[in-house]
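Just so you know, all these numbers are worked out from the coordinates, no wet-lab data involved. If you're wondering where the values come from, they're calculated on a predicted model, not measured in any experiment. Ideal geometry is used to build each Cβ from the backbone, glycine not excepted, and the neighbour counts take in all protein chains shown.
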């Protein structure tokens, strides 16, 4: 099974199971207006490294790398939170979002590289290996911060498209993904704009 398909299964299968409450039921890391109208949102105010590895980095049953080749312990992640959302249309998941906000050790690695950048580069290598296409034209939605970096990459998975966005600055690194219907220009624009806004607001909040 292609890793992009596994990722989509996680988006459409695992995420809804993590969303027992409506957005109004509890405070959120990123406010509800950052999502499409009608999105069901779930916020995890603290996400352990093991939980992030399971949900995002590796497919739990079998340890298949998804969006990282290195565990969060190895990347020196020290804190963080996550938020998930889904938009249903006619009984099916039409759009889904995952957002992971992480703080990494402020002590650089042996090369002098900050661990947040190491995590960002690890993500970049992983999605490159899965043949995601980086979209330079979309970078205006998610500009690289001064002294940091950002990426936008896309891959088709069946009747869905996946867009990954990531941003790092200082000791903070944020990664997110959205799935939306392939071939729908409106869905693409909505998913891109919403995910970029989520990452921008999460950057302001921090971890």
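Surrounded by fewer than 19 Cβ atoms within 10 Å (Cβ to Cβ) and under 18 Å from residue 201 (Cβ atoms): is that true of residue 112 in this structure?
no
Kindly indicate which of 207, 166, 202 is in a helix (DSSP H, G or I) and either free of Cβ contacts under 8 Å to residues at least 12 places away in the same chain or within 16 Å of the chain's Cα centre (by Cα) (or both).
Going through 207, 166, 202 in turn, just one is in a helix (DSSP H, G or I) and either free of Cβ contacts under 8 Å to residues at least 12 places away in the same chain or within 16 Å of the chain's Cα centre (by Cα) (or both): 202.
List the number of the failed condition for residue 142; all other conditions in (1) more than 15 Å from the chain's Cα centre (by Cα); (2) more than 19 Å from residue 68 (Cα to Cα); (3) surrounded by 12 or more Cβ atoms within 10 Å (Cβ to Cβ) hold.
Status for residue 142: all satisfied but (1).
If I go through the stretch 39-75 residue by residue, how many of them are surrounded by fewer than 21 Cβ atoms within 10 Å (Cβ to Cβ), touching a strand residue (DSSP E or B) at 6+ places or on another chain (Cβ under 7 Å) and closer than 22 Å to residue 108 by Cα?
Of the residues in the stretch 39-75, 1 are surrounded by fewer than 21 Cβ atoms within 10 Å (Cβ to Cβ), touching a strand residue (DSSP E or B) at 6+ places or on another chain (Cβ under 7 Å) and closer than 22 Å to residue 108 by Cα.
Restricting to the stretch 162-185, name every residue that is surrounded by fewer than 21 Cβ atoms within 10 Å (Cβ to Cβ) and more than 15 Å from residue 100 (Cα to Cα).
If the condition is that a residue be surrounded by fewer than 21 Cβ atoms within 10 Å (Cβ to Cβ) and more than 15 Å from residue 100 (Cα to Cα), then 170, 181, 182, 183, 184, 185 are the ones that fit.
Could you say which residue among 181, 122, 159 is over 16 Å from residue 196 (Cα atoms) and in contact with a helix residue (DSSP H, G or I) (Cβ under 8 Å, 6 or more places away or on another chain)?
One residue alone meets the criteria, 181.
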